[in-house]
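Peer 1: Just dropping this structure here.
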Amino acid sequence: MITKIKNMNGMRVFMVGLISLLLPLSSFLTTSCSEDDSDAPLNFYSSVRLTAAGFIESDEAQFSDFKSILERGNYLSMLKTYGHYTVFAPTNDAIQLYLKENGYATIDAIPNDKCDTLARTHIVQDKAYFTTDMGDAVSPVNMNDDYIQMTSDSDVTNNNALLIYVNKNSRIIQKDDSVTNGVVHVIDHVINASNQFLPALMEENPNLSIFCQALRLTGMADSLTKYVDETYTVDPDSAVGGKGFKVPYGTANDGTASKQCQTWYPEHRYFKFTAFVETDSIYRAHGINNLEDLKRYAKEVYDESYPEDAGKYDEDFKDRRNPLNRFISYHLINRIGSREYWVHCKGDIYEQKFLYNVYDPEDYFETMAPHTLIRFCSNPSEEIYINRKALVKNTKLEVRGVRVLKDDEGDEYTQTCSNGMYHYIDDILVYSADVRNNVLNRRIRIDGSCLSSDFMNARARIYYMGKSEQMIGFKNGFLADFKMHNSNTFIGCGNEQTGWRHYQGSGVCITGEKFDASVKLPPVPHDGTYEVRLGYSTGDDRGIAQVYLNNEPCGIPISFRNFDSGYHFEPDTEDEDENKAIDKAMRNRGFMKAMDSYGSSSEPFRIYTNDIRRILVRQYMRADQDNWLRFRQILEGSTLYMSIDYIELCPKDVYDNPEGEDRH
């Protein structure tokens, strides 16, 4: 894989690359690692044939302190085994500096549980990240489930030599030492294992003073202090890294499984958060110099956006209808993600599957402001925008939106912590009347992996371990915005891969004997009539389900099987008028072909007979209302299943447009 290095204002940033997330391990590693070290690569500086543990043990003068921490945390033995690890190894000097800064007299004075945390902070499991991998895909996650960010600068005192930093404070002083089970990078500072929560992390940044004052005043800081669900337990053998279990698929209509998908439950259930924040300088550019100015600004915006609430809650800052509360809450999302987790702007899915010459990749999420929606989109320059609007691809831009800054545009302050992270934005983010009624007056397509915060917090959306044909399972009662109505129901989220013919390479699986499950839809931005559509693929291993919206049946049961699905697919022709007639006939039967903006350059999803959209219902929907879709299997057979590839909420202005809805 070729390193992609961006240069902006003299600062270059590396985001560690992750190759296709669902390819076999033999193909996704840039450099192979095996129990037989005969094929192990030579490192860039020496030619030793050592495990990661052996590399550390072989240099007591440099790593004896780190070795001690690994031993006390019980991780040195793990680094002797076959696997794929990235180890950031601090030198003895780095450890001694850490002891001094934290008031420990010796290594032995560090508590055992702290040694465990320190060890896990410096290890990435299941992927060998060389610096030549940096820049292509998503950010790695260490064994503490914290994101790792790698940035760089030029050493002006040494012919502009490249300096690479881990989490902005630990410089790599020896890079890319390949070992038989991964790679070791030597660093000059211990990577801080922050136990702070997101509000405290932001408070340390003086450039965010106005935002943080508002965060405290509205009480939303208190909402960002959850971390681990202490009520969640799982059999260790079923957790990530254990033996797992299998979900059947590839069955015939008699329910006999011919294939199985490897499945794990998460070891922990985390509550994590992301904030998109303006610096004080952004506020000053808009004439906002203090908290009182921000209160007035928020009132102007949200009195117009919610006229029915104007003037009613101005002094109750903790009321969710208060303008300042709405302003701050709209900047917060109850899941964690680096820039590329919010919308595909890099990686194999983006490069191979999105036809971005037709339509920008996009994603939608509900924010922590009740019943509000946020749209992310990206373009080939790897920029990410929030609430941007153009008429169609490569035409007039109606609304610029707010840009999410890249890491090389940030400052020296750490932006990640144990329960979240924040991103800088370049303009003020609001859920204004224009955003609600104009920008979001569009077909809203929500990928299945975006439908629950637990999918992203467990990394089922963009899964970093890279195992082929893998699914993350979720226990009943521990999956936000989903309900399992009987004990037989299983819900899992398949990790992203280019080989699956699913939108964004992922999908939600619902299976089990007479499965019965519900999913909460994202909110609609404004009151009106909408089509609610389900995007899915058919197959003989699927079942037949009755679908309900808010417990009202959506017509007759839907068959997810090839042979009785009822949509009567006809391929496109050279005659555009005939194609429109085919589309109209399908719509009359309640079906639509899949999009033409995803698939591959020669084979967009639209051409496939078993990728389909079903129009579930046309119904008036309110912006302040929760809406639930329910799926009840009516066939016998414990292995039959259905998938939620994506859901669309399409306003009447779009689907009933005289010029017709686009096919993107």
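The values are calculated or read from the model by the stated rules, or taken from the named source; none is laboratory data. Every value quoted in this text rests on a predicted model; they were computed, and no experiment measured them. Positions of Cβ are backbone-derived with ideal geometry, glycine not excepted, and every protein chain shown enters the neighbour counts. For accessibility, only protein heavy atoms count, side chains too; no ligands or nucleic acids. Shrake-Rupley method; radii C 1.70, N 1.55, O 1.52, S 1.80 Å.
Peer 1: Output the 0 to 90 degree angle, nearest 10, between the alpha-carbon long axis of helix 60-72 and the longest principal axis computed from the alpha carbons of the chain.
Peer 2: In the chain, helix 60-72 runs at an angle near 50 degrees to the longest axis.
Peer 1: I'd like to check one number: the per residue accessible area of segment 327-447, probe 1.4 Å, reported in Å² as a whole number.
Peer 2: Values: 3370 Å² over 121 residues.
Accessible surface, normalised per residue, equals 28 Å².
Peer 1: Do any trypsin sites (Lys or Arg not before Pro) in segment 361-451 lie in a DSSP loop with no more than 10 other beta carbon atoms within 10 Å, and if so, which?
Peer 2: Working: sites: Arg375, Arg388, Lys389, Lys393, Lys396, Arg400, Arg403, Lys406, Arg436, Arg442, Arg443, Arg445; in loops: Arg388, Lys393, Lys396, Arg400, Lys406, Arg442, Arg443.
Taking segment 361-451 and a limit of 10 other Cβ atoms within 10 Å, the loop trypsin sites (Lys or Arg not before Pro) found are Lys396.
Peer 1: By the gyration tensor of its Cα atoms, with a ≥ b ≥ c the square roots of the eigenvalues, what is the shape of segment 314-435: rounded for a/c under 1.5, prolate for a/b over b/c, or oblate? Walk me through the numbers before you get to the answer.
Peer 2: Numbers: a/c = 2.05, a/b = 1.38, b/c = 1.49.
Verdict is oblate for segment 314-435.
Peer 1: Find out how many positive minus negative residues lie around Ser537, taking Lys and Arg as positive, Asp and Glu as negative, among other residues whose Cβ is under 12 Å from that of Ser537. If you can, show how the numbers build up before the last one.
Peer 2: Working: positive: Arg501, Arg542, Arg561, Arg613, Arg614; negative: Asp540, Asp541, Asp611, Asp645.
So the environment of Ser537 carries a net charge of +1.
Peer 1: Rounded, prolate or oblate: which one fits segment 49-107, using the alpha carbon gyration tensor with axes a ≥ b ≥ c (rounded when a/c is under 1.5, else prolate when a/b beats b/c, else oblate)? Could the numbers behind the result be given before it?
Peer 2: Details: a/c = 2.44, a/b = 1.93, b/c = 1.26.
In terms of gyration-tensor shape, prolate.
Peer 1: When all protein chains stay in place, what accessible area (Å², nearest 10, 1.4 Å probe) is found for Ser223?
Peer 2: 50 Å²
Peer 1: Considering only Pro140, Tyr227, Val524, whose Cα is most displaced toward the positive end of the charge dipole of the chain, charges sitting on Cβ of Lys, Arg (+1) and Asp, Glu (-1)?
Peer 2: The residue sitting farthest along the positive end of the dipole is Val524.
Peer 1: Kindly sort Thr609, Thr91 by accessible area of their heavy atoms, largest first, with the probe set to 1.4 Å.
Peer 2: Per-residue accessible area, sorted high to low, gives Thr609, Thr91.
Peer 1: Leaving out ligands and nucleic acids, and using a 1.4 Å probe, what accessible area per residue does segment 602-651 come to in Å²? Please report the intermediate quantities before stating the final value.
Peer 2: Values: 1880 Å² over 50 residues.
Roughly 38 Å² per residue, with all protein chains present.
Peer 1: Compute the projected area of the convex hull of the Cα atoms of segment 505-548, averaged over all viewing directions, and report it in nm² to one decimal place.
Peer 2: On the way: hull surface 18.6 nm².
So the Cα hull casts an average projection of 4.6 nm².
Peer 1: Within the chain, what percent of beta bridges assigned by DSSP are antiparallel, to the nearest 5?
Peer 2: Numbers: 101 of 117 bridges.
Percent antiparallel among DSSP bridges in the chain is about 85.
Peer 1: Only Cα pairs under 8 Å and at least 6 apart count here; give the relative contact order of segment 311-445 as a rounded whole percent.
Peer 2: It rounds to 20 percent for segment 311-445.
Peer 1: Work out how much length Asn289 to Val399 would gain on full extension: take 0.36 nm times their residue separation and subtract the Cα-Cα distance, in nm to one decimal.
Peer 2: Working: separation 110, 0.36 × 110 = 39.60 nm, distance 2.55 nm.
Gain in length upon complete extension: 37.0 nm.
Peer 1: Then there's this: How would you classify segment 531-653 from its alpha-carbon gyration tensor, with a ≥ b ≥ c the square roots of the eigenvalues: rounded for a/c under 1.5, else prolate if a/b is greater than b/c, otherwise oblate? Can you show the working numbers first?
Peer 2: Numbers: a/c = 1.87, a/b = 1.23, b/c = 1.52.
In terms of gyration-tensor shape, oblate.
Peer 1: I've got another one for you. Give the carbon-plus-sulfur fraction of the accessible surface of segment 50-92 in %, rounded to a whole number; probe 1.4 Å, heavy atoms of protein chains only. Provide the component values of the computation, followed by the final result.
Peer 2: Values: 700 of 1470 Å².
Accessible surface attributable to carbon and sulfur in segment 50-92 totals 48 percent.
Peer 1: For segment 336-353, what does the Karplus curve 6.51 cos²θ - 1.76 cosθ + 1.60, with θ = phi - 60°, yield as ³J(HN,Hα) per residue in whole Hz, taken in order and with x for Gly and Pro?
Peer 2: 10, x, 6, 3, 6, 7, 7, 7, 5, 10, 6, x, 5, 4, 5, 6, 9, 10
Peer 1: Let me ask something additional. At most 15 other Cβ atoms within 10 Å and a DSSP loop assignment: could you name the GluC sites (Glu not before Pro) in segment 187-240 that fit?
Peer 2: Glu204, Glu230
Peer 1: Using alpha carbons only, how many degrees (0 to 90, rounded to 10) separate the axis of helix 291-305 from the longest principal axis of the chain?
Peer 2: Between helix and principal axis, roughly 20 degrees.
Peer 1: What do you get for the angle between helix 576-588 and the principal long axis of the chain? Use alpha-carbon atoms, 0 to 90 degrees, nearest ten.
Peer 2: Relative to the chain, helix 576-588 is tipped by roughly 80 degrees.
Peer 1: Turning to a different aspect of this structure: Would you mind telling me the share, in percent, of accessible area of segment 481-581 contributed by carbon and sulfur at probe 1.4 angstrom?
Peer 2: On the way: 1620 of 3600 Å².
Percent of accessible area from carbon and sulfur atoms in segment 481-581: 45.
Peer 1: Further, regarding this structure: Accessible area of Leu534, 1.4 Å probe, to the nearest 10 Å²?
Peer 2: We get 0 Å² for Leu534.
Peer 1: Now a separate question. Pull up all non-local amide H partners of Ile384: gap of 5 or more, or a different chain, and H-to-H distance under 5 Å with H placed in the peptide plane.
Peer 2: For Ile384, whose amide H was placed from the backbone, the distant partners under 5 Å are Val404.
Peer 1: Which loop-located GluC sites (Glu not before Pro) does segment 520-592 contain, where loop means any DSSP state but H, G, I, E or B and the Cβ has at most 14 other Cβ atoms within 10 Å?
Peer 2: Values: sites: Glu531, Glu574, Glu576, Glu578; in loops: Glu574.
Hits after loop and neighbour filter: Glu574.
Peer 1: Which whole-number percentage describes the relative contact order of segment 287-352, with Cα contacts under 8 Å and a sequence gap of 6 or more?
Peer 2: Details: 40 pairs, mean separation 13.4, N = 66.
Value for segment 287-352: 20 percent.
Peer 1: Next question, about the same structure. How big is the convex hull of the Cα atoms of the chain, per residue, in Å³?
Peer 2: On the way: hull volume 112.5 nm³, N = 664.
Dividing the Cα hull volume of the chain by its residues yields 170 Å³.
Peer 1: Give me the distance in nm between label points sitting 7 Å out from Cα along the Cα-to-Cβ direction at Ile607 and Glu60, one decimal.
Peer 2: Calculated label separation equals 6.6 nm.
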